[in-house]
Structures are given as C-alpha cells and as structure tokens.
Amino acid sequence: MGNLLKVLTREIENYPHFFLDFENAQPTDGEREVWNQISAVLQDSESMLADLQAYKGAGQEIRDAIQNPNDIQLQEKAWNSVCPLVVRLKRFYEFSLRLEKALQSLLESLTCPPYTPTQHLEREQALAKEFAEILHFTLRFDELKMRNPAIQNDFSYYRRTISRNRINNMHLDIENEVNNEMANRMSLFYAEATPMLKTLSNATTHFNKTLPIENTTDCLSTMASVCKVMLETPEYRSRFTSEETLMFCMRVMVGVIILYDHVHPVGAFSKTSKIDMKGCIKVLKEQPPDSVEGLLNALRFTTKHLNDESTSKQIRAMLQ
C-alpha cells in the first residue's frame, strides 16, 4: 500500500497543478505590452466567429450558372453573389496571419529563460488566459469551417471564373482585392480541414529557432495538465462562476493537446508524452455527452498521432 501511495504521489507531482484564473486574470506591468498586442487581435475574434457562423454560401446561384452556361444573367447573379463572400473569406485568412504573429509573441514571453513554462504560466496568468482564448477561438473556428462545405465550393467557383476571364484577357475589379497570389495562399489555407489549427501549428513550430522545441511543448503540456487538474479538482472547479468557464477550460485542454500532438515529434499519445491522455479523456467522458462530443471528435479526427503504433490500445479504446 505504501509503495502504491508513493507511485500515485509521484504521478501527481509529475503533472503541474495550480489554479489558472481564466475569469479574472489581469496583466501585471511586465505582461502589459504583449497583453495589449494580443488583446488588439483577440477583440476581433468574436465577430469573426459570428461572421463565419452566418456564412450561407452561394450554392444555388453557382448551380444555376453551371447548369445554364449561356444565360448571362445567371452568370452575373452567381458572380455577384460570390464576390462579397470571397472578400469575407479573405478577411478570415488575414485574421489567421494576425493570430499567427500574436501567438509567436505570446510564446516568446511564455517560454523565455530563466523561468520554466510552469513558472511562466503561474506568474503570467493574464498571458496564459490569452493563450487559452486563442486555442478556444481556433477550435470553434475550425469546427464551423468543417461543417460548411460552401466555403470551398464558393472559392473554387471564384478561382475557375477568374482563370477563365484571364484567358479571355478580362480584368475584374475584385482582382484588386484578391489577386492571384492572394488567391493561391487562401486556397492553401482553406484546403486544410482545420486551417486555424494548421496556422497555430506552423507558428508554434517555427516561432523560435534558438530555443529547443521542448520549451514550447512543455508550455503546451503544462497548460493541458493545469486544465485537467482544474476540471477534476472540486476545490478548483468550485471557483468557476459559470458553466461557460467550465466549457472554456475543456475546449482549451483539447486545443492544447491537439496542438502538442501536431508540434511534438512523437505526439501526445505516446508513453513518453508529458500529457496524461487517459486522465484528460476521462475528465471529458465524465461530462454530459452532448456537451463534449464535439471535443472528443476533435481528438479523434484532428490529431496527428492517435493511430500510431505507439498509442496504447487503452487510449484508442477510450476514444472509440
């Protein structure tokens, strides 16, 4: 019994545990400059999500135009429906670039010596909260994008029409807004199943070539552990004033696991991972199924290493 207690204590000690105040964390003087920079980006995140949620697409107009290639009116109607949507898609894409820069500044602050990632997250809670908000936004954006095939259909139609007009030596006004180079970059972005996650993965992988990747992955695994501990510890959990914060904490935990899995060479599911995957999945499965099914699906379908041979059968079974 004594030995078992020692093992359990050692396991608990291996995973950082402290309360991260997602509701009230305020920046200290040392955090303020970076905090202001990130806040300026995050203040647009809700309007981006609302805009994406309201995105209906021009499916009917495009179908009518394709079925009636000689009807000029239907061609114009489809084109006039698609152009404002492409401008909106450009705005989402440009926001991803701003988010990428913001995340890189944030990671610089949360991984720089002399402090460990755990010390950074505990000391700089306002920055940790902003990191959490970026992850929260990313999962919500990608979830909406995956459920909306109109985005790729609209953009494909736009590119085909532009190419056809270029062959006919016609220049359209929208090309001033979305030129060929921009369209190519947007096309790569929207071709991803989870474009914002891909943006964050790239930002995380490439943000600092001078520090070892462990500095970054340790920051991610610490964040996952802290979220898990807050969710499973009644004393911490009781400090949340709303169900919304509980959901936020779960979404952040899943977001950081997925990001770790994309950035770490062997991923989140291997035995050497610094994330307690069984514990994290267990915490999710203890919630009402309808509130976490989307998060479990995100672990099933947007991670990189779940189906590796190094993933234990038990973890795979938990996610079936």
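The values are calculated or read from the model by the stated rules, or taken from the named source; none is laboratory data. Remember, it's a predicted structure, so these values are computed and weren't measured experimentally. Cβ sites come from the backbone with ideal geometry, for glycine too, and all protein chains shown count toward neighbours. With ligands, DNA and RNA removed, areas are computed over all heavy atoms of the protein, side chains included. Shrake-Rupley method; radii C 1.70, N 1.55, O 1.52, S 1.80 Å.
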Taking only Cα atoms of segment 200-269, the Rg to Rh ratio with Kirkwood Rh works out at 1.06
Yeah, segment 23-74 with a ≥ b ≥ c from its alpha-carbon gyration tensor (a/c under 1.5 is rounded, else prolate when a/b outruns b/c, oblate otherwise) is prolate
Where a ≥ b ≥ c are root eigenvalues of the Cα gyration tensor, a/c under 1.5 meaning rounded, otherwise prolate if a/b exceeds b/c and oblate otherwise, segment 217-258 counts as oblate
In this structure, among K101/K228; K56/K274; K129/K304, pairs with alpha-carbon gaps over 32 Å are K56/K274
Here segment 146-163 yields Karplus 3J(HN,Hα) values (6.51, -1.76, 1.60; θ = phi - 60°; whole Hz; Gly and Pro given as x) of 5, 8, 10, x, 4, 4, 6, 4, 4, 5, 4, 4, 4, 5, 4, 5, 4, 4
When all Cα-Cα pair distances of the chain are considered, the percent exceeding 31 Å is 38
Karplus ³J(HN,Hα) for segment 278-294 (6.51 cos²θ - 1.76 cosθ + 1.60, θ = phi - 60°; Hz, whole; x = Gly/Pro) runs 4, x, 5, 5, 4, 4, 5, 6, 7, 8, x, x, 5, 7, 10, 4, x
So the angle from the long Cα axis of helix 180-191 to the longest Cα principal axis of the chain, reported in degrees to the nearest 10, equals 50
Any aspartates and glutamates whose Cα falls less than 13 Å from that of K90, other than same-chain ones fewer than 8 residues away, would be D51, D154, E175, E177, E181
For the chain, the percent of accessible surface on carbon and sulfur atoms (probe 1.4 angstrom, ligands and nucleic acids excluded) is 51
The size of the Cβ-based charge dipole (Lys, Arg +1; Asp, Glu -1) of segment 1-319 about the Cα centre, to the nearest 20 debye, is 940
CD proxy, 222 nm, the chain: helix-only mean residue ellipticity via -39,500 (n - 2.57) per DSSP H run with n ≥ 4, per residue, nearest 500, stands at -23500 deg cm²/dmol
Inter-part gap, Cα centre of segment 38-72 to Cα centre of segment 210-240, in whole angstrom, is 36
With x for Gly and Pro, the residue-by-residue ³J(HN,Hα) of segment 43-51, computed from phi through the Karplus equation 6.51 cos²θ - 1.76 cosθ + 1.60 at θ = phi - 60° and given in whole Hz, is 5, 8, 5, 5, 5, 4, 5, 5, 5
Taking every C-alpha to C-alpha distance in segment 177-319 and binning by 10 Å from 0, the per-bin percentages run 11, 38, 32, 15, 4, 0
Row for segment 11-108, column shape: gyration tensor on C-alpha, a ≥ b ≥ c, rounded if a/c < 1.5 i.e. under 1.5, prolate if a/b over b/c, else oblate; value prolate
